[in-house]
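What follows is a short report on a single structure.
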Amino acid sequence: MNFIVSKYLRGRLASRTGSHVPSVAERNFFISSLRAAGDCATADGCVHATQVRHVNTRKNLTRHLGEKLYAIVLLAQMQLASEWAELLTFREESHASQSNHWHAMPSIFNSDMSKPSFLFVTSLILVPWGLILPSRGQDAASQIHAEIGRLSQSLKDAPIADSEFASVAAMAADSLRAASESANASRLYLSLEQLGLGVDLFRGAQAGADKDEVVKGGLTAFESKWGKANLVLTELDQKAQSRDWKNPPAAIRALSETAQGRSLPLLAGGRGFATATAPKDGLLYIGQSQGEAEFARFCASLNLLNRNAPLPLRSMLPELVAIQQKTKAAFQPPRSVELHPRFIALNSTLKLARELDARKFYAGSLYQYLEAVRHYAMLDVPQIDPAREKALPDIIAAEQRKLGAATRDFSIAQLFVERAASQVTHANGSAPSPDEWRSAQVIVDQVLPAYFAAEKASPALASPSARSVTITLVRWPYT
């Protein structure tokens, strides 16, 4: 399994460089969901994690219900708020201009939906006191900071000791640390991109480590977990398809669409692993699919509207077909052997971009097309010379100022420029690696021109030849 995890993550990472404690019985009642959430062991912990700021609410509840029942209600709220929001008519779309929707909620997917008394108590108690209303007035940067902090604290409070997944959790912590550094440097879009990777890895590690039930019950137990996750994720995917975005920056939409596009294929990949190797080997993918859906919804909840002229979105299919053809032509020995990991990252990016484009997730397909441009350019770009290294930080800073002063929505371009800036100037003062210098140069010299070219009219799609051969390669998603 360690080989499977490391092989998957290499491909995945290459594509994106003082309270009352509930009784034992009460805690056991929620143990499966707490394993997924990992950050809500006390009543006050729940209050903090959900960012319930109304102290009087707690006083009123404890006076009427008692401290222990209050703790149970909060735990129930943490796990079911996202699902009950729709049933209780707190529609996501009705709060588009408000912040902090349900993003502070831990993963909802391990909730035991088979306990009628649990649902009954939750539905009766949560509504009268308004515990699932989102907080108001928090800006997007604060939301991102809070989510990074919440997940980082979760990793500290409930460390993953399982030998197979401790390294995955460590990578999640590294991604969250990078996201925090980017947020502190006012690189909002980059911090969000890094947060997304952190959520994916964290949820994957959690799900993979929580394997006792599947190890004991085998494929039947896995199929039960997979089926429950599939029901929830399919519903979320359907809602995402018809989401009314209400004009956020295109980069926010692109990150959300990309995460949503990864979710169900990862889930399907988990079932394949469970069948081909061992049932427990599919749990990582279930967790990651849940993490991607969670992150997609978090992006949609951000309180950030685009105040510039919107980016005209369209299908990127002509550009994607063109770069796919160039990739096939480039895949020749010895490069196809020497640069095999880069070709894997490039092809997985193109695969995802085509899938997003087919769903009309055009912000996501543009984002992934530009990532494919970067990957393709990295196949050939030489090591940059010292004079260019010295000049590149100033060139990147000038691009940031130009994009920041624009009257059009250039946020997807800003995301890449923020990434370039982070690659040439490390928060800890360390020297950039050769690949970081090369990537930053590629973003300036090739990704930005590709972005502005994509703003223009769509190029004509070349007609396929009369004869064609289709070869289908079976592989796990995005590896």
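The values are calculated or read from the model by the stated rules, or taken from the named source; none is laboratory data. Please read these numbers as outputs of a predicted model, since none were measured by experiment. Here Cβ is always computed from backbone atoms with ideal geometry, including for glycine, and neighbour counts include all displayed protein chains.
Which of the residues that make up segment 349-377 are among the charged types (D, E, K, R), touching a helix residue (DSSP H, G or I) at 6+ places or on another chain (Cβ under 7 Å) and within 14 Å of Ala322 (Cα to Cα)? Passing the criteria: only Arg354. Filtering segment 370-391 to residues that are in a helix (DSSP H, G or I) and within 30 Å of Ser256 (Cα to Cα) leaves Leu370, Glu371, Ala372, Val373, Arg374, His375, Tyr376, Ala377, Met378.
Summed over segment 401-425, the residues that are closer than 26 Å to Leu346 by Cα and in a helix (DSSP H, G or I) give a count of 14. I'd like the residue in segment 350-369 that is outside any loop (DSSP other than H, G, I, E, B) and among the aromatic types (Phe, Trp, Tyr) and, out of all such residues, is farthest from Ala250 (Cα to Cα). Checked segment 350-369; the qualifying residue farthest from Ala250 (Cα to Cα) is Tyr369. Hey, any hits in segment 426-443 for a residue that's modelled with pLDDT of 95 or more, of a type outside the set (D, E, K, R), in contact with a Phe, Trp or Tyr (Cβ under 7 Å, 6 or more places away or on another chain) and not assigned by TED's automatic domain parsing to the domain that holds Ala251? Yes, there is a match, as at least one residue in segment 426-443 is modelled with pLDDT of 95 or more, of a type outside the set (D, E, K, R), in contact with a Phe, Trp or Tyr (Cβ under 7 Å, 6 or more places away or on another chain) and not assigned by TED's automatic domain parsing to the domain that holds Ala251. Counting residues in segment 364-373 that are of a type outside the set (A, V, I, L, M, F, W, C) and surrounded by fewer than 16 Cβ atoms within 10 Å (Cβ to Cβ) gives zero. Selection of first residues in segment 398-421 that are polar (S, T, N, Q) and of second residues that are assigned to a loop (DSSP other than H, G, I, E, B) and crowded, with 24+ Cβ neighbours inside 10 Å, restricted to Cβ pairs under 6 Å at least 6 apart or on distinct chains, gives the following pairs, ordered by first then second residue: Ser411/Pro249. Only one of the numbered conditions (1) more than 23 Å from Thr258 (Cα to Cα); (2) polar (S, T, N, Q); (3) crowded, with 16+ Cβ neighbours inside 10 Å is not met by Thr277, and that is (3). Pairs meeting the criteria (first residue in segment 449-468 and more than 19 Å from Asp357 (Cβ to Cβ) and among the charged types (D, E, K, R), second residue modelled with pLDDT under 60 and outside any loop (DSSP other than H, G, I, E, B), beta carbons under 7 Å, at least 6 apart or on different chains) are lacking.
Taking each residue of segment 326-347 that is among the basic types (Lys, Arg) and looking for partners that are assigned to a loop (DSSP other than H, G, I, E, B) with beta-carbon atoms closer than 9 Å, six or more apart or interchain, yields Arg335/Leu379; Arg335/Asp380; Arg342/Leu379. Selection within segment 306-348: residues that are among the basic types (Lys, Arg) and part of a loop (DSSP other than H, G, I, E, B). The member of this set that is nearest to Tyr362 (Cα to Cα) is Arg314.
Return yes or no: is Ala161 surrounded by 18 or more Cβ atoms within 10 Å (Cβ to Cβ) and either touching a His at 6+ places or on another chain (Cβ under 8 Å) or at pLDDT below 95 (or both)? Spelling it out, it is not the case that Ala161 is surrounded by 18 or more Cβ atoms within 10 Å (Cβ to Cβ) and either touching a His at 6+ places or on another chain (Cβ under 8 Å) or at pLDDT below 95 (or both). The single condition among (1) closer than 24 Å to Ala309 by Cα; (2) in contact with a Phe, Trp or Tyr (Cβ under 8 Å, 6 or more places away or on another chain); (3) charged (D, E, K, R) that Asp357 does not meet is (2).
Tallying residues that are touching a helix residue (DSSP H, G or I) at 6+ places or on another chain (Cβ under 6 Å) and either closer than 19 Å to Val321 by Cβ or not in a helix (DSSP H, G or I) (or both) within segment 426-446 yields 3.
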